[in-house]
Each structure stands twice: as structure tokens, then as C-alpha cells.
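Q: Questions regarding the structure given below will be posed in turn.
The values are calculated or read from the model by the stated rules, or taken from the named source; none is laboratory data. Predicted model, so just to flag it, every value in this text is computed and none were measured. Methodologically, a virtual Cβ is constructed for each residue, glycine included, from the backbone with ideal geometry; neighbour enumeration extends over all protein chains shown. With ligands, DNA and RNA removed, areas are computed over all heavy atoms of the protein, side chains included. Shrake-Rupley method; radii C 1.70, N 1.55, O 1.52, S 1.80 Å.
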Amino acid sequence: MVERQELDASGQLRRRQLVRAVIASAVGTSIEWYDFFLYGFAASTLFAELFFPTSDSTTGLLVALGTYFGGFAARPIGAAIFGHYGDRIGRKAALITTLITMGLATALVGLVPTYQQIGIWGGVLLTALRLLQGISVGGEWGGSVLLATEWGKTRGGKRGFLGSWPQFGVPVGLVLGYLALQIFQPLHPYWGWRIPFLLSLVLAGVGLYIRLGILETPVFAKVVKENRVERVPVKEALAKNWREIVLSALLRTGQQAPFYIFTVFILTYATKTLGFAANDVYTYVIVAGLVSLVTVPFWGYISDLVGRRRLYIVGAALMVVWSFVYWPLLDTRVPALVFLAIVLAAPIHDIQYGPQATFIAESFTGRLRYSGASLGYQLASVTSGGPAPLIAVWLYATYQSSFAIAVYMAICAAISVVAAWLLKDRSQHDYAIEYDEQQATT
């Protein structure tokens, strides 16, 4: 009877921690992505004029987007730093540090003087803070995914669904970032846009409060108990799992590049090329983000039923087709069709994004999971996500046609189809037992 009561108490504790972990992951990533997207939206619409004024508007936009790309370039650095500490000292400690770092960096962006006040040094400070944002986001994702999935069942269960909740933070951050700029920027040309950045400190405080109440995950606690903690986990992950790291990065190509075209480049294209009002485009993208609040966890759930690799291949293949539908719809300049194109892009993109976190995390054994998953995920930020808006600007400027961008997106999606096919499906492996042991037993 006593043993049964202890088991029941243990099960109740785990269920409570699982709920808290999922909430903490979703809230934390929402805050981090709010900060990250907020900068991207401002870079696309405001920063060229405020910090990088030139006689050529395209050059100014490219420079502003270049600082935006700097955040992507820094994300693998963050993945290595926080991956190391996440596999050495624990998921919780690493996640708390990323949240504090991001909150401070974003708030400081809201205090940077413009070009008119201190010249080019405003752009320099802006770039440095953007790099700090990138480092923070680089460590956030992996920890949030592991916090949610490592509190779930170690075999079977709803791991795909649990892993979709950190992904849920992306559309939340997207919607909040768009809304914040839309609400505050019109208040004043100098300080209106700064308010959303300063609010990051408040949001970070909320996220920190939630995360402090979470215990360390049972999977990492088991690694510590069995004395399996690696001295240099990043080095071990690169040595033992380089193939999975490369495939994880390639896996994201067909999701990352289209996503940042759908959410960042579209602001410039729809307003400058198609002639739509900025407020209308903001509204369309916000609606698409609201759709993703449903479709991201939905596709994560479906991946538990049909298999993550199978679903991912279907999603990437659909993105190939959608690439040649999306741009003709936009180029009609018919408001209803433009709205349809922007909103429908969300659920099609989410077929990949919903199961993606768990698919990548499952590719790495417990003692190397933070390092390996973070490196694979964040490398794609440099190879596909960050460059996508820049490449789209260059392609349109060179060919004066959206068809070139469609071809680029389709090629990226085709790469994801191949990578998903090659990445081993480990959804049936026990999440808490080291994979090399399971393979040896088999």
C-alpha cells in the first residue's frame, strides 16, 4: 500500500511538472521570439531610415536587414554555448540565463540613439545588441524543447505534441511583435517604436518567474545520477552525431527560408512593390500568426499518429508546390487573394514546423541532446533563415520577377524532402536511455 501511494505521488508530481514545463516552454519561447521578431519587423520598416540613411533606399534596407541577419549568424554560437551548459549543468539553468540575456538586449535596443544623434555608432550599437539577441535565441530553443519533451513519457506517448508547444511560441511572438509595433509606433516618430522593445523587460520578468518553479527534467537527472555527463558535450556531439547535425540543418531549409519570406520580406514586397498599405499587410500577417496558434500543435499531434518523418516529407513536398502558387496570388494585387496567400502559407508551413522540434531532438541521445539538437537547428539560421529576406530582395532586384523567388523557395523545400528521408526516425527509441545502449541491445 505504501509503495502504491509513493508511485501515485510520484506520478502526480510528474504530471504537474509536465504541465508546468509545457507552459514554461511555450511562454518562454513566446517572449524570446517576440523580442527576435520585433527587431526583424522594425529592421524591415524603420531602421533603414533611422540608423542607416542613404540616397539609395534599397541599399539602406539591405544594410538594415544585414544587421537583422547578424542575429541569425550568432545563433549557432548561442547553440554551442548554451548547449554545452545545458548538457553540463542542466536545462533549467541554461534557459533562465537565455531569458535574462534576451530581455536585457532587447530593452537596450529601445534606448539606442539614432543616426541623427550619434551617427554610425547608433548602427554599431544596434548590431552588437542584435548579435546578443541571436546568441540568446540560439540557446533558448533547444532547452525549451527538452524541458517540454523530457518531462513526458520516455517511450511513445505524445512527444510530438509536447514538442510542438515551444514551436507555438513562434506565432505568439510573431503576433505580439506585429501588434506592438502597430500600436505604439504611430504614437510618436522618435520614441513610439521604442516602447515595445522596453516592454521586453516586463515580459522577461514574467517568464523568469514561471521558469524558476520548474524542476530539472528526469532525463537529465538520470544522466547526472549515472555519472554520464560529458565534459565537452558540444565536441562529442560534433564527433559522434555530425551526420544528424548536418541533416537537421538541411531539414529546416524548406521551412526556414519560406518562413522569413512569408513574415519579413513580405512587409517590403507588399508595400513597396504591390502598393498595399502597411497596416493592411500587418493585419494579414497577424491573422496568419493566429492560424498558426492552432495548426502548429495540431500538426505536432498528427505526427504522433502518422510518424514525424512521413508527415515532414509531405509538408516539405507541399511547400514545393505552394511556392509556385503563393507568388501568382500575391501578384494579382487583389486584396482578397493577397490575404488568402499570406494566411494559407501558415498551415502549409506548419506541417513541417509542428513536428520539427521533436523530430530533431529525437535524433540525439540524452547526454548530448541539448548540444546536438541546438547546433543542428540553429545552423539553418545561417544557411537558410537569415539570408532568405536578403536573397529575396536581391532576386527581385536582379530579375524584376517574383518567379525567381518561387524557384528559390521550391529548391529549399526539395532539400528538406531529401534530408527528412535521410534522417533516421527514432520516435520509438526510449528517450531516457542512451541510444548507443539501445542499439547495442538490439
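Q: Within 30 Å of residue 11 (Cβ to Cβ), open to solvent by 60 Å² or more (accessible area, probe 1.4 Å) and touching a helix residue (DSSP H, G or I) at 6+ places or on another chain (Cβ under 6 Å): is that true of residue 161 in this structure? Outline the logic, then answer.
A: Working: within 30 Å of residue 11 (Cβ to Cβ): yes; open to solvent by 60 Å² or more (accessible area, probe 1.4 Å): yes; touching a helix residue (DSSP H, G or I) at 6+ places or on another chain (Cβ under 6 Å): yes.
It is true that residue 161 is within 30 Å of residue 11 (Cβ to Cβ), open to solvent by 60 Å² or more (accessible area, probe 1.4 Å) and touching a helix residue (DSSP H, G or I) at 6+ places or on another chain (Cβ under 6 Å).
Q: Out of the residues in the stretch 291-333 meeting the condition of being among the aromatic types (Phe, Trp, Tyr) and within 21 Å of the chain's Cα centre (by Cα), tell me which one is farthest from residue 421 (Cα to Cα). Outline the logic, then answer.
A: Quick first cut of the stretch 291-333, residues among the aromatic types (Phe, Trp, Tyr) only: 298-299, 301, 312, 322, 324, 326-327.
Subsequent filtering for residues that are within 21 Å of the chain's Cα centre (by Cα) retains 298-299, 301, 312.
Numbers: 298: 22, 299: 18, 301: 20, 312: 9 Å.
Result: 298.
Q: Could you check the stretch 268-278 and list, in sequence order, the residues that are open to solvent by less than 30 Å² (accessible area, probe 1.4 Å) and aliphatic (A, V, I, L, M)? Spell out the reasoning first.
A: Within the stretch 268-278, the subset open to solvent by less than 30 Å² (accessible area, probe 1.4 Å) is 268-270, 274, 276.
Listed by number, the residues that qualify are 270, 274.
Q: Any residue at all in the stretch 245-256 that's charged (D, E, K, R), touching a residue at least 40 places away in the same chain (Cβ under 8 Å), part of a helix (DSSP H, G or I) and buried (at least 16 other Cβ atoms within 10 Å of the Cβ)? Lay out the reasoning, then the answer.
A: Keep residues of the stretch 245-256 that are charged (D, E, K, R), which gives 252.
From the residues that got through so far, the ones that are touching a residue at least 40 places away in the same chain (Cβ under 8 Å) too are 252.
Next cut, part of a helix (DSSP H, G or I) only: none.
There is no residue in the stretch 245-256 that is charged (D, E, K, R), touching a residue at least 40 places away in the same chain (Cβ under 8 Å), part of a helix (DSSP H, G or I) and buried (at least 16 other Cβ atoms within 10 Å of the Cβ).
Q: Filtering the stretch 205-219 down to residues that are open to solvent by 70 Å² or more (accessible area, probe 1.4 Å) and part of a helix (DSSP H, G or I), which residue is farthest from residue 429 (Cα to Cα)?
A: Of the residues in the stretch 205-219, the ones open to solvent by 70 Å² or more (accessible area, probe 1.4 Å) are 206, 209, 212, 215.
With the extra rule that they be part of a helix (DSSP H, G or I), the set shrinks to 206, 209, 212.
Values: 206: 35, 209: 34, 212: 30 Å.
Going through the qualifying residues, I end up with 206.
Q: If you don't mind, another one. Looking at 294, 281, which is the one that is among the aliphatic types (A, V, I, L, M), touching a Ser or Thr at 6+ places or on another chain (Cβ under 7 Å) and either part of a helix (DSSP H, G or I) or crowded, with 23+ Cβ neighbours inside 10 Å (or both)?
A: Values: 294 fails: touching a Ser or Thr at 6+ places or on another chain (Cβ under 7 Å).
Only one candidate qualifies: 281.
Q: When only residues in the stretch 8-47 that are of a type in the set (Asp, Glu) and within 13 Å of the chain's Cα centre (by Cα) count, which is surrounded by the fewest Cβ atoms within 10 Å (Cβ to Cβ)?
A: Quick first cut of the stretch 8-47, residues of a type in the set (Asp, Glu) only: 8, 32, 35.
Now drop any that are not within 13 Å of the chain's Cα centre (by Cα), which leaves 32, 35.
Working: 32: 32, 35: 30.
For the stretch 8-47, the residue satisfying everything is 35.
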